[in-house]
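Each remark here refers to the structure printed beneath this line.
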Amino acid sequence: MPKQTINKCSFCGRPRTEVSLMIEGESAYICNYCVDQCRTLIDENSKNDVSDARANEKENFDYKPYDIKSFLDQYVIGQEQAKKSLSVAVYNHYKRLRQRIKSDDVDIEKSNIIMVGRTGTGKTLMAKTIARLLNVPFTIVDATVLTEAGYVGEDVESLLTRLLQSCDFDVKQAERGIVFIDEIDKIARKGDNPSITRDVSGEGVQQGLLKILEGSIVNVPPNGGRKHPDQKMVPVDTKNILFICGGAFDGIEKKIAQRLNTEVVGFNSIRENGQLNRDNLLQYITPADLKAFGLIPEIIGRLPLLTYLEPLDRVALRNILTEPKNAIVRQYKKLFQMDGVKLEFEPAVLDYIVDVAEEFKLGARGLRSICETIMLDIMYEMPSKGIKEFTVTLDLAKEKLEHADFLRHAMEG
């Protein structure tokens, strides 16, 4: 008996004449349209499996504070107190996320962090390194661009817009992420009396941040609020998002000194004040100093963990050049190695770079600027010369900085 010819797809019923390909099985046929649909379903299922795996990974968070600090030690030089505080805060935060069933009346609250330290001491680097370890969505937002809603600038909801963008708008992932708000000191209240004028970029922003920091469901415009007013909002629950704030708080040492000087009236005041380290007053910082600087009490209460970063001394700056995994010197050596050139630095060159950074108070970021100025012409010329080895000498380094007039510009800055 001749085999019967099937002229339609066994799944969708399309005739053979309407499809470009018909795949034949033992007792069924499938067209190319159904194959494409199956592929789409498989891809969506795979994405769900990945999301579930990531969620399980977060649930099984097994980094202890010591492990987190050890990882930070590989990238951040010094700052022992800040690294310990950050490690404990992150560890407790993820323990809080695992607290699903409330067996008693104890409800673990979120501990957002505020880090105070001079520019270039490692605030942003620590936040980036933590996010790299945990493999969670992470974004850095500059508080200087934020204004109260309705005014020129960015709304506070843009913090969450950028967090969503960092994880391809996966809301569940974003709700377990980390947001680093840099330059938090720039939104300090401009005057002691908030009723004189409307402080739209200072206290107004602080008021807008309150609900986000504490934890609430915020309607986030995925493409920015003002350019696309008719877009569909994305609800994001911020109760499990960890907020890390950082700022230089330039001049807060004066507030700390004033507070310490007013405590001369007790029995122990003379002994305590005699032991003060005048070169590092930030170690005595308290929430009262942040309030005196211009942060409102409500926002200080939502940043319960206050830590400070010590100013970088000469030894720390020297170590930053060579010791971390991503040390500046290692990066240059790797760049030249990719061109087949072995790069070396005279020890005196590294000391000279530290001297310049310390003299002009440029911090760790200044080390990169100085190195870039020294290395610019070298990186321009070396790939074309066919040289296999090159050593940066002290005379060459001084010549490059003087030729670029770097020292004069640094002095003016």
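The values are calculated or read from the model by the stated rules, or taken from the named source; none is laboratory data. Just so it is clear, the structure is predicted and the values come from calculations on it, not from any experiment. Neighbour counts run over all protein chains shown; Cβ positions are idealised from the backbone, glycine included. Only protein heavy atoms, including side chains, enter the accessible area calculation; ligands, DNA and RNA are left aside. Shrake-Rupley method; radii C 1.70, N 1.55, O 1.52, S 1.80 Å.
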Is it the case that region 220-232 has a residue that's out of contact with any helix residue (DSSP H, G or I) (no Cβ under 7 Å at 6 or more places or on another chain) and modelled with pLDDT of 85 or more?
-> no
Residues in region 186-208: is at least one over 20 Å from Asp155 (Cβ atoms), basic (Lys, Arg) and either in contact with a Gly (Cβ under 7 Å, 6 or more places away or on another chain) or at pLDDT below 90 (or both)?
-> no
The strands (runs of 3 or more DSSP E) lying entirely within region 106-184 that contain at least 1 residues which are in contact (Cβ under 8 Å) with a residue 60 or more places away in the chain and open to solvent by less than 10 Å² (accessible area, probe 1.4 Å) are 113-116, 178-182
Residue pairs qualifying under the 7 Å Cβ cut-off, at least six apart or on distinct chains, with the first in region 342-360 being in contact (Cβ under 8 Å) with a residue 40 or more places away in the chain and farther than 21 Å from Ile387 by Cα and the second being β-branched (Val, Ile, Thr) and part of a helix (DSSP H, G or I), are Ile353/Ile370; Val356/Ile370; Ala357/Ile370
Sole miss for Ile328 among (1) in contact (Cβ under 8 Å) with a residue 12 or more places away in the chain; (2) out of contact with any Cys (no Cβ under 6 Å at 6 or more places or on another chain) is condition (2)
Across region 276-286, what is the number of residues that are part of a helix (DSSP H, G or I) and either under 23 Å from the mean Cα position of the chain (by Cα) or modelled with pLDDT under 90 (or both)?
-> 3
Six or more apart or on different chains, Cβ under 8 Å: which pairs go from a residue in region 383-401 that's more than 20 Å from Asp339 (Cα to Cα) and in contact (Cβ under 8 Å) with a residue 60 or more places away in the chain to one that's exposed (fewer than 15 other Cβ atoms within 10 Å of the Cβ) and not small (Gly, Ala, Ser)? Could you list them?
-> none
Out of all the residues in region 352-363, is one or more surrounded by 15 or more Cβ atoms within 10 Å (Cβ to Cβ) and not in a helix (DSSP H, G or I)?
-> yes
Could you figure out which of (1) open to solvent by 20 Å² or more (accessible area, probe 1.4 Å); (2) in contact (Cβ under 8 Å) with a residue 12 or more places away in the chain isn't true of Pro297?
-> (2)
Pairs returned, first residue in region 22-46 that is surrounded by 10 or more Cβ atoms within 10 Å (Cβ to Cβ), second residue that is assigned to a helix (DSSP H, G or I), beta-carbon separation under 6 angstrom, 6 or more apart or interchain, are Met22/Arg16
Filter result for Arg330 (touching a Pro at 6+ places or on another chain (Cβ under 9 Å), more than 30 Å from Asn240 (Cβ to Cβ) and of a type outside the set (Gly, Ala, Ser)) = yes
